[in-house]
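Quick notes on the structure that follows.
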Amino acid sequence: MINCYKILGVRKDATAAEIKRAYRQKAKLLHPDVNRSDSSAEFQELVQAYEILSDQRQRSIFNESFETRGAYTKNSVSSFDYYKWLSARTDEESRAKLIFFNLMHEREDEAVAEFKRMNMTHANFNLKYWFSREDFMDYGYILAEELTLRNEYYDAILLLEQIIKMEYSYNYFRIFFPEVIEFTLSILHRNIYGTINDELALDVFERALDLEFSAKEDAFFLRVMAEIYKKMGDLQTSAICLEEADKVCLSKKKNNVERGYIYDSFEE
């Protein structure tokens, strides 16, 4: 019987977010598309361990079976309460770390609430200032997922925008990056126009135009912007957006073909 926790390198009490992050980190090293050595068997074992631990029922069954065999011993628990220590502090670094600590310890509602509060009360609050780039990208993506579940689409897009721009310069997510792109495009297509106010929606689509998506996506953003400007009574800007949409379809499609650009497959 495989030791799923050992394979993923997590504790038995690891949260779903910690398991997801551990899997993503190891998969980037072992995936056959990335690793040219003979790691396919090890990768398949990793996938199997992740599938077990990411499913609540399978994980429960595994825990019962594994403990029966006496194959797992509990780690000693420190008397220091990091959560209480962070909660008592008011500086931005501690509050930022509290957000991600809550996120990784099944306090998702608290994490989202604190993130929203800090954004409202601190004009220049930015999570990425307090973490390594890798930690921010991992935890920020998980936080964006939680924000989306709570219909906080604008804040989710702002986080995803930072992560996507980092990925273009750093190549951290690698084989998982299409998943990040697909998630972002899903929000842009389904959860912005008509869901948040028009001014914020325009800001979102203007930001999206800088994220190097395909010609089809840029044209979509511009046409939605044209519709918003029309609704707001700004017919001149609406016409400009429609004109730009037509132009980008001609110019960027040619460039994308030449570059072999891959992000042109999103379907509503």
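Brief remarks follow.
- The set of residues from segment 169-185 being modelled with pLDDT of 95 or more and open to solvent by 30 Å² or more (accessible area, probe 1.4 Å) comprises 182, 183.
- Meets criteria (within 20 Å of residue 128 (Cβ to Cβ), out of contact with any Pro (no Cβ under 9 Å at 6 or more places or on another chain), open to solvent by less than 20 Å² (accessible area, probe 1.4 Å) and modelled with pLDDT under 95) for residue 213: no
- Residues located in segment 29-57, provided they are modelled with pLDDT of 80 or more and more than 19 Å from residue 2 (Cα to Cα): 29
- Residue that is farthest from the chain's Cα centre (by Cα), among those in segment 80-106 that are assigned to a helix (DSSP H, G or I) and among the basic types (Lys, Arg): 84
- Scope segment 143-152; condition assigned to a helix (DSSP H, G or I) and surrounded by fewer than 21 Cβ atoms within 10 Å (Cβ to Cβ); matching residues: 145, 146, 148, 149
- Among residues of segment 81-115, those that are touching a residue at least 60 places away in the same chain (Cβ under 8 Å) and closer than 15 Å to residue 140 by Cβ, counted: 2
- Scanning segment 107-138 for residues that are in a helix (DSSP H, G or I), of a type outside the set (Gly, Ala, Ser), open to solvent by 40 Å² or more (accessible area, probe 1.4 Å) and under 18 Å from residue 94 (Cβ atoms) yields 110, 116, 117, 119, 120, 121, 128, 129, 130, 135.
- Cβ separations smaller than 9 Å between residues 6+ apart or across chains give the following pairs from segment 229-258 residues that are under 10 Å from residue 215 (Cα atoms) to residues that are modelled with pLDDT of 95 or more and outside any helix (DSSP H, G or I): 248/209.
The values are calculated or read from the model by the stated rules, or taken from the named source; none is laboratory data. Note that the coordinates shown come from a computational prediction; the quantities given were computed from them, not determined experimentally. A quick note on method: Cβ atoms are made from the backbone with ideal geometry, for glycine too, and the neighbour counts reach across all protein chains shown. These area figures cover heavy atoms from the full protein model, side chains too; ligands, DNA and RNA do not enter into them. Shrake-Rupley method; radii C 1.70, N 1.55, O 1.52, S 1.80 Å.
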